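The values are calculated or read from the model by the stated rules, or taken from the named source; none is laboratory data. Predicted model, so just to flag it, every value in this text is computed and none were measured. Heads up, the Cβs are rebuilt from the backbone with ideal geometry, glycines too, and the neighbour counts pull from every protein chain shown. Areas reflect the complete protein model, heavy atoms only, side chains present, ligands, DNA and RNA absent. Shrake-Rupley method; radii C 1.70, N 1.55, O 1.52, S 1.80 Å.
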Amino acid sequence: QVPLKPGRSLMDWIRLTKSGKDLTGLKGRLIEVTEDELSKHNKKEDCWICIRGFVYNGTPYMEYHPGGEDELMKAAGTDGTDLFDQVHRWVNYESMLKECLVGRMAVKPIAAPKVRLAYECVKEALLEGLGLHMFLYAQRKYIFFSLLYFLFYSYDWFQTDSLVTVIIYTKQKGMNAELVIVDCQDKRLRGEIIMDDHSYLVEVDLDHAVSEDVAVNIAEKVGKVEIILSKKDNIHWKMLGQPWEGHNTFIKRTDRGLFYRKCKLVSKTEVTHDTKLFCLVLPKGTHLCVPTGQHVYLKQIIAGTDVVKPYTPVLPFLPLDFQEPPRRDGVHIYLMIKIYPHGLFTQALDHLQIGDCIFVSNPEGNFKKSQVQTSEDLILLAGGTGFTPMVKLLNFALTEVSCLRYLIFFNKTEDDILWRNQLEQLALKNERFEVQFILSQPTKDWVGKQGKISSSLLSEFVKRSRRDSKVLICICGPAPFTEQGVQ
């Protein structure tokens, strides 16, 4: 992020979009944009950007973009969808930029259909003297990937007088609760199975009403997932339900988009002078476990605009007894959030009352637990609320892995240190864990280390337990802190 000029906050942008001012430059007309026309608008004073087939005038938004004008200009006059997805696909650009909509990209004429009937392709291959076996060889890769989905992902359902069971066959060994997300509200059933960067989805409007209690059984060794629904009425269903657009598909998660459910705030407790621990309860009918190292997005409607921010769930406290893995209740999500005095989103979040609702997305992220499991030394570098992803990571490492762990925690002042007492108790009780607090703005009474993240400061602490030990270093914090730390 870059510092914005006064009067260029998110709230200022929302006010501008509500002012009635023409932000398209076309006096409200929507046009069809060709690639040639789009490429002409590639300057700061005339910047059009295409995202998912829609073209927006980015010029009015230049000074309001938190990432700065230069980042926005990377997509000027081009299709910026891939760049957008890499940086912040979670942002609801349709809502943020709806007053800047220029129009839709012109559809290219298709010279010939990409998919033809099999017998036509075979006939052509034979006529050209290639032979049937050569045709099949040429199509092998396409056929292989097409069959993968049918071979490894399918679903079925059956019923009794009182129950409906949906079975998803993944054929994936090691299937676990973190890879299964189920939402069943208002007769809509949505079951998503995660496999690396892809997901399989079952999504239907159920034929009849079911109760709010949904059970999920997972046969880990064979990769079978059962979603068990209780009928409200003991009647025979003729079908499972009417499918949604994405039903029975296996596609990239980035193409799937984010799914949100409405969660209720059940508690809000103070952690430090400006940071609070929010506890949200998932709606009944939802099965969701946020994996270690992954985050969710919170969505609030502020002044009629969807505003979205990412946060990493934590535990309600740091366990001191690591004899066995803690049981997940699968009901609550805990978020440790710093409330900024002029932060539009966090101020709105802080004003939520117990019982109020907020939208929470599916988990996102690429962190793999195997990275920790194969390491001998785990070093965590955290700056401020960059401590939040370290909570579950530390808990996992102390519970299920035998490596040594070291947390180097950077803050401005002593009052900013999150869960200081818990971390100090953990270090005293567990010989495999050490913590070092480093302050950049300490008082004269501070006897610990001070300074900002630097190679000289880190060289004191970032060390191997053995000469050839395998080290994993995880870092999180504000962008300048992370960039400096990586260097």
Value of [θ]222 nm, deg cm²/dmol, for the chain, DSSP H segments ≥ 4, -39500 (n - 2.57) each, nearest 500: -6000 deg cm²/dmol
Ignoring any ligand, DNA or RNA, what whole percent of the accessible area of the chain comes from carbon and sulfur when the probe is 1.4 angstrom? 53
Most to least accessible of 340, 93, 155, 260 (protein chains only, probe 1.4 Å): 340, 155, 260, 93
Let a ≥ b ≥ c be the square roots of the eigenvalues of the Cα gyration tensor of the stretch 13-85; is it rounded (a/c under 1.5), or, if not, prolate (a/b larger than b/c) or oblate? oblate
In Å², what does the accessible area per residue of the stretch 145-252 work out to with a 1.4 Å probe? 53
Which percent, nearest 5, of DSSP beta bridges in the chain are antiparallel? 75
Percent of C-alpha pairs per 10 Å bin, the chain, short to long: 3, 15, 22, 24, 20, 11, 3, 1, 0
The answer for the stretch 260-364, accessible area per residue at 1.4 Å probe in Å², is 45
Quick calc, the chain, dipole around Cα centre from Cβ unit charges on Lys, Arg (+) and Asp, Glu (-), nearest 20 debye, gives 260
Relative contact order of the chain (C-alpha contacts under 8 Å, at least 6 apart) in percent is 10
Taking only C-alpha pairs under 8 Å that are 6+ residues apart, what is the relative contact order of the stretch 10-105 in percent? 39
If you roll a 1.4 Å probe over the heavy atoms of the protein chains, what accessible area per residue do you get for the stretch 411-451, in Å²? 63
Below 8 Å, C-alpha to C-alpha, sequence gap of six or more: please give me the relative contact order for the stretch 145-252 in percent. 31
Can you classify the stretch 417-485 as rounded, prolate or oblate using the Cα gyration tensor, where a ≥ b ≥ c are the square roots of its eigenvalues, rounded means a/c under 1.5, and otherwise it's prolate if a/b beats b/c and oblate if not? oblate
For the stretch 145-252, what does the alpha-carbon gyration tensor say about shape, rounded, prolate or oblate, given a ≥ b ≥ c as the root eigenvalues, a/c under 1.5 as rounded, and a/b over b/c as prolate? prolate
